[in-house]
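Notes to accompany the following structure.
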Amino acid sequence: MRRRKRKTSSAQLHGRTNGLDRLLVGRSARVPPTAADRLLRSLSMSANYSRLWVGVAAALVVAGGRAPRRGAVRGLLAVSVASAVANGIAKPLFPRRRPPDESVPFVRRLVSPPVSSSFPSGHAASAAAFATGVALESPTAGVVVAPIALAVGYSRVHIGVHWPSDVVAGAALGSAIALATRRWWAARPDDPATLGPTTRIEPVRDGNGLLLVGNPFSGSGAADDALQQLRKRLPAARVLELDPEADLDAQLDDLLGREHIVALGVLGGDGTVSSVAAAAVHHRLPLAVFAGGTLNHFARDAGVEDMARTLRALDRGEVVRIDTARVQFDRSEPQTFINTASLGGYPDFVRLRERWEKRIGKWPAAGIAMVRLLFRAQPLHTTIDGARTAIWMLFVGNGRYHPSHQIPMSRPEIHRGTLDIRYLRADLAFSRTRLIWATLTGTLESSATYVHRQADRLDVGVAHAPVSLATDGEVDHRGKDFTFTSRPAALTLFRPPDENS
């Protein structure tokens, strides 16, 4: 009896849906002819094979900022999956006749209408997938793309090749697939990390008492123009242009010993910022950071990527205290780092990822880099906090990184005295294959080969020959015994308070 009732309910729902579809198609067909008919037909045809979305993505990459570019990549990725599922799986499973030719006026019809199953609409699935994918990364760009996606969806009804329910189902499928991409590619927030409270020190107006280190070669040479702007904006500053052949630490020590310097400034990429930040910590001087590199991870995370904000903080004497970290290896002098340190294959992973991320986005680049690296990596035999284990790579972050269950993409905190520790185990059966599968499917957090924890100290010993240590992207040290420690509130950074704080 229950089975019969279910069949009856299903038949009733099917009948009501068909009735509503015919009613809506009939109302659309009675709309008088306008210039919009040709426009909607052209728009619908431009979406064939996702050509429209490739073009919109190209426009976002060229004209948009960082977030729209990420949205374009995520959108196209979602389109490829949504199109495959809608056309390759759903249509064969749910065959349905398309509306008859006479259901819409002749002027709207296609010369060669499609003959595949009507349910669901592949065009609507792709449109919704792209719009949702873009909106996940850039809500502003999503608002621009959404009307185009809605128009494409409606155009399929307007030209008589789909029932309205086909479009609704296709749109729901596409949006769901785009949302699901967050499982293995976390949406990166553009908000900076949370820092400590803003305090005030003596302002550094016009650069009086400021030693500014500038790397004119950072960011493919684009920093040179920024350095000239800073010379005009900070006329009283002592400017030291970075010489690749010179010892920066020795130069800084000499100048700080001879001249009256009350603050340090730096224009350059993460490597240059890290070197000057280490000097600022050592000499207990506040630091002004001007982003001048290609990726500017630290400046972006600390909320000082905009030069005007740092200049405003200098004028007002507004600073925050943030964490740094340091690593001591083989009883050498401790090395300060502000972003990350790594052993094993991670330096190679970073190089591969950065080579591709500006073209295809950070997560796709990270996934490709991880797979390529694991195919050719050799296990590193170590002792981690007293426990012997073989690893593929080790990542140590200054502060807490996000997400916890995937490849680290962003840093929401740099002020709680925390090291973010992650490593990939190589001492489990089929660990290489398991890691590749977990990376591609977004199941890294449930893989026994992935270890993630937070602490304020980490001791690592390497069993055999010394290995390379990378700090803040620079690979210039080798050692066997490493001690990583967090240094809470060690760096004083010029930064104005957030506008909404």
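Residues satisfying the criterion are absent from region 412-427 (criterion: at pLDDT below 85, part of a loop (DSSP other than H, G, I, E, B) and more than 24 Å from the chain's Cα centre (by Cα)). Selection of region 403-420 for residues being surrounded by fewer than 21 Cβ atoms within 10 Å (Cβ to Cβ) and touching a Leu at 6+ places or on another chain (Cβ under 9 Å) yields HIS405, GLU413, HIS415.
Restricting attention to region 91-109, the residues that are in contact with a helix residue (DSSP H, G or I) (Cβ under 7 Å, 6 or more places away or on another chain) and in contact (Cβ under 8 Å) with a residue 60 or more places away in the chain add up to 6.
Here is a yes/no grid of residues against (1) crowded, with 23+ Cβ neighbours inside 10 Å; (2) over 18 Å from ILE414 (Cα atoms):
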site	(1), (2)
ALA263	yes, yes
ALA277	yes, no
LEU285	no, yes
THR294	no, yes
HIS297	no, no
VAL304	yes, no
LEU314	yes, yes
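Within region 370-387, can you find the residues that are in contact with a strand residue (DSSP E or B) (Cβ under 8 Å, 6 or more places away or on another chain) and touching a residue at least 60 places away in the same chain (Cβ under 8 Å)? The answer is LEU374, LEU380, HIS381, THR382, THR383, ILE384, ASP385, GLY386.
The residue list VAL62, VAL79 contains one member that is in a helix (DSSP H, G or I), within 18 Å of GLU137 (Cα to Cα), without any contact (Cβ under 8 Å) to a residue 40 or more places away in the chain and out of contact with any Asp or Glu (no Cβ under 8 Å at 6 or more places or on another chain), which is VAL62. Only one entry of ARG41, ARG3 meets the criterion of being under 16 Å from SER121 (Cβ atoms), of a type in the set (D, E, K, R) and either at pLDDT 85 or above or not assigned by TED's automatic domain parsing to the domain that holds PRO100 (or both), and that entry is ARG41. Within region 26-38, residues that are assigned by TED's automatic domain parsing to the domain that holds VAL161 and in contact (Cβ under 8 Å) with a residue 40 or more places away in the chain have Cβ atoms under 7 Å from residues that are outside any loop (DSSP other than H, G, I, E, B) and of a type in the set (Val, Ile, Thr) in these pairs: SER28/VAL157; PRO33/VAL107; ASP37/VAL107, counting only partners at least 6 apart in sequence or on another chain.
Applying the condition of being among the charged types (D, E, K, R) and assigned to a loop (DSSP other than H, G, I, E, B) to region 449-501 and asking which residue is modelled with the lowest pLDDT yields GLU499. Scanning region 236-261 for residues that are surrounded by 13 or more Cβ atoms within 10 Å (Cβ to Cβ), in contact with a Lys or Arg (Cβ under 8 Å, 6 or more places away or on another chain) and over 19 Å from PHE217 (Cα atoms) turns up ALA237, LEU255, ILE261. Pairing residues of region 242-262 that are more than 13 Å from VAL213 (Cβ to Cβ) with residues that are assigned to a loop (DSSP other than H, G, I, E, B), at Cβ distances under 6 Å and at least 6 apart in sequence or on separate chains, gives VAL262/GLY209.
The values are calculated or read from the model by the stated rules, or taken from the named source; none is laboratory data. Computed from a predicted structure; not experimentally measured. Here Cβ is always computed from backbone atoms with ideal geometry, including for glycine, and neighbour counts include all displayed protein chains.
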